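A quick write-up on the structure given underneath.
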Amino acid sequence: MQDPRRSRRTALLALAGGAASAAFPVLAQAPGYPSRSITLICPWPPGGSTDRHLRTLAEIAGRQLGQTIVVENRPGGGGTTGPGTMALTAKPDGYTIAQFPMGMLRLPHMQKMQWDPLIDFTFIIGVSGYTFGLTVRADSPYKTFNDYIEAARKSPGAIDYGSTGVGTSPHLLMEEVAANAKVQLTHVPFKGNADLMQALLGGHVMAQSDASGWDKFVDGGQMRLLVTFGEKRTKRWPTVPTAQELGYRVVSTSPYGFVGPKGMDPAVTRVLHDAFKKAMDDPKHLELLDQLNQDAWYRSGDDYAKWARESFARDKLLIERLGLAAKS
């Protein structure tokens, strides 16, 4: 006959094990994956806000997977060269993935690409969105965003700004501002955040339209933040107005996430999704989002793909309205 005390202890242990499993869900499993390091393509140069964000997420998610996630910088094409090359050349085995910036959904409307943003990728997870702003050097004559726009009104084409590339959100939001304000601005494209910031600090451009990689320069007094482009003012720079409240009718956060080549095994995709989802909730990651003044933007792979389809259709109308669509 079984000892009743042992039976009770066995039942309690089973309950405790079940509770622990509920509190700490086990990551999805794909047999044998990952068995080696994973490459995460950052389509921007080192040192910018996206590079900082991806390296932190990769470090945390790598611990979840038990393998290193190596961030590889492949800038160019307004953030499209890295993911586009991956789609054309990488195996869909889960060992090469990439950030998927908004330019991937916009540049195909502006020029012919070798890849299709909706067909040639496996959508893994939506992660975050940017805080965009326009900055000038601390010694710039433009004290406010309205000063900058008025200068463009008085000298059409003589006032310039740099962005992270043609078709990127920092480029298109300024084109929207210019169209709404009925002024002409000269756009100077760069490969990414780091070289754009150096160009501004070196006096090679008058202003910089970019995500919050400029945060340390603004807080350190080398740059002045004139405007941000969110729905509301930021927590970190609450005295800086939004373009919306100034009457320019532009709001942009440019969400992004991670993708792989098309045809990935759903089990492998799920492993990556779960690892990055847990990494997103890690205190170290949340602290970095605060530093960058970014919000989390979680989307499952299916929801991310649905959002991409909707954004692709919507941005076609924007690009046509701005006169930037490819000539057929």
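Quick notes on this one:
- Segment 68-92, subset among the hydroxyl-bearing types (Ser, Thr, Tyr) and in a helix (DSSP H, G or I), residue surrounded by the fewest Cβ atoms within 10 Å (Cβ to Cβ): 89
- Inspection of segment 40-52 finds a residue satisfying the criterion of being touching a Ser or Thr at 6+ places or on another chain (Cβ under 9 Å), closer than 21 Å to residue 266 by Cα and of a type in the set (Val, Ile, Thr).
- Of residues in segment 46-67 being among the small types (Gly, Ala, Ser) and surrounded by fewer than 17 Cβ atoms within 10 Å (Cβ to Cβ), the one farthest from the chain's Cα centre (by Cα): 66
- When segment 29-45 is filtered for residues that are surrounded by fewer than 20 Cβ atoms within 10 Å (Cβ to Cβ) and assigned to a loop (DSSP other than H, G, I, E, B), the ones remaining, listed by number, are 29, 31, 32, 35, 36, 37.
- Residue within segment 142-156 that is assigned by TED's automatic domain parsing to the domain that holds residue 301, farther than 22 Å from residue 297 by Cα and crowded, with 17+ Cβ neighbours inside 10 Å present: no
- Residue 304 being hydroxyl-bearing (Ser, Thr, Tyr), over 30 Å from residue 145 (Cβ atoms) and surrounded by 20 or more Cβ atoms within 10 Å (Cβ to Cβ): yes
- Segments classed as helices (runs of 4 or more DSSP H), wholly inside segment 123-227, with at least 3 members that are over 22 Å from residue 46 (Cα atoms) and over 15 Å from the mean Cα position of the chain (by Cα): 145-154, 169-181
- Filtered by the rule that a residue be closer than 23 Å to residue 105 by Cα, charged (D, E, K, R), without any contact (Cβ under 8 Å) to a residue 12 or more places away in the chain and not in a helix (DSSP H, G or I), segment 274-328 gives a lone residue, 327.
- Leading residue by the ranking (surrounded by the fewest Cβ atoms within 10 Å (Cβ to Cβ)) among those in segment 186-200 that are in contact with a strand residue (DSSP E or B) (Cβ under 7 Å, 6 or more places away or on another chain) and of a type in the set (A, V, I, L, M): 199
- Filter pass, residue 222 being modelled with pLDDT of 95 or more and either surrounded by 24 or more Cβ atoms within 10 Å (Cβ to Cβ) or out of contact with any strand residue (DSSP E or B) (no Cβ under 8 Å at 6 or more places or on another chain) (or both): no
- Residue match in segment 256-265 (condition: part of a helix (DSSP H, G or I) and touching a residue at least 40 places away in the same chain (Cβ under 8 Å)): no
- Residue within segment 291-303 that is under 23 Å from residue 95 (Cα atoms), out of contact with any strand residue (DSSP E or B) (no Cβ under 6 Å at 6 or more places or on another chain) and either among the acidic types (Asp, Glu) or at pLDDT below 95 (or both) present: yes
- Residue count, segment 114-131 (criterion: at pLDDT 95 or above and more than 12 Å from residue 304 (Cα to Cα)): 6
The values are calculated or read from the model by the stated rules, or taken from the named source; none is laboratory data. Because the structure is a prediction, the values reported are computed rather than measured. Please note: Cβ atoms are built from the backbone with ideal geometry, for glycine as well, and neighbour counts cover all protein chains shown.
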